[in-house]
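One structure is given below, encoded as structure tokens.
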Amino acid sequence: MPRSIVGHPNLILETLPEEVAKRGWKMASQPKALWGENEWNKVFCCVAAPKFHASFELQQMPGCCAVLIASYIDPEPRNPRTFDAVITAVKEAAYEAGFGSLMLSQVLHEEIPPRKSLWGNCLADGWEMSKPFINAKSGNKVVYLTKDLGQRGKVAGLEIPVV
């Protein structure tokens with residue numbers, strides 16, 4: 001019996017600019033667009049608002065089109081409010097792009113409790129934190145944060161037939 005094959009394109013570079021524009025921000029990315037040949041690669045993004053700017057990377061989890069990974073989120077000014085604004089825009093764009101989960105990895109600092117860290121408000125917003133583990137290369141104590149984006153089922157139009 002033949003299997004039907006479909007592709008699930010990475011739409012984050014279609015939905016994130018829309019979310020950024022809704023907020024009155026500006027955005028640049030490298031690459032500027034995703035297609036079948038590069039949709040699994042990481043995307044370097046910069047957003048700018050009147051009172052802040054931030055750079056970060058996004059990547060569809062290799063082998064899993066349901067998870068978007070956000071990393072190296074570097075807001076300026078470096079404070080939880082700016083971090084929250086950026087991650088909220090990414091979260092809403094990821095939902096619109098059909099992702100079911102958003103994932104971050106963050107370093108734990110001994111002198112700063114997780115809820116007081118730059119990303120600490122994520123814990124109050126329903127993000128789940130993994131047990132800490134040690135990065136043997138850096139010696140850092142690291143956690144994963146995951147957020148269920150609340151998808152309720154398959155959404156028509158988020159796949160294309162592969163011939």
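The rows are residues; the columns are (1) in contact with a Ser or Thr (Cβ under 9 Å, 6 or more places away or on another chain); (2) in contact (Cβ under 8 Å) with a residue 40 or more places away in the chain.
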| site | (1), (2) |
| --- | --- |
| Pro9 | no, yes |
| Glu14 | no, yes |
| Met27 | no, no |
| Gln30 | no, no |
| Phe44 | yes, no |
| Pro50 | no, no |
| Gln106 | yes, no |
Given the conditions (1) loosely packed, with under 14 Cβ neighbours inside 10 Å; (2) at negative phi, which single one is not true for Gly150?
(2)
Go through the stretch 56-96 and count every residue that is touching a Leu at 6+ places or on another chain (Cβ under 9 Å), outside any strand (DSSP E or B), within 17 Å of Thr146 (Cα to Cα) and open to solvent by less than 50 Å² (accessible area, probe 1.4 Å).
7
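Against the definition (under 12 Å from the mean Cα position of the chain (by Cα) and modelled with pLDDT of 95 or more), how does Thr146 come out, yes or no?
Here the answer is yes, as Thr146 does meet what is asked.
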Considering residues of the stretch 27-55 that are open to solvent by 60 Å² or more (accessible area, probe 1.4 Å) and among the charged types (D, E, K, R) only, the residue farthest from Thr15 (Cα to Cα):
Lys51
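For residues in the stretch 102-120 being assigned to a helix (DSSP H, G or I) and open to solvent by 70 Å² or more (accessible area, probe 1.4 Å), which is nearest to Thr146 (Cα to Cα)?
Residue satisfying both the conditions and the ranking: Arg115.
The values are calculated or read from the model by the stated rules, or taken from the named source; none is laboratory data. Predicted, not measured: the structure shown is a model, and the values here were computed from it. Heads up, the Cβs are rebuilt from the backbone with ideal geometry, glycines too, and the neighbour counts pull from every protein chain shown. Just the protein is used for accessible areas: all its heavy atoms, side chains included, with ligands, DNA and RNA removed. Shrake-Rupley method; radii C 1.70, N 1.55, O 1.52, S 1.80 Å.
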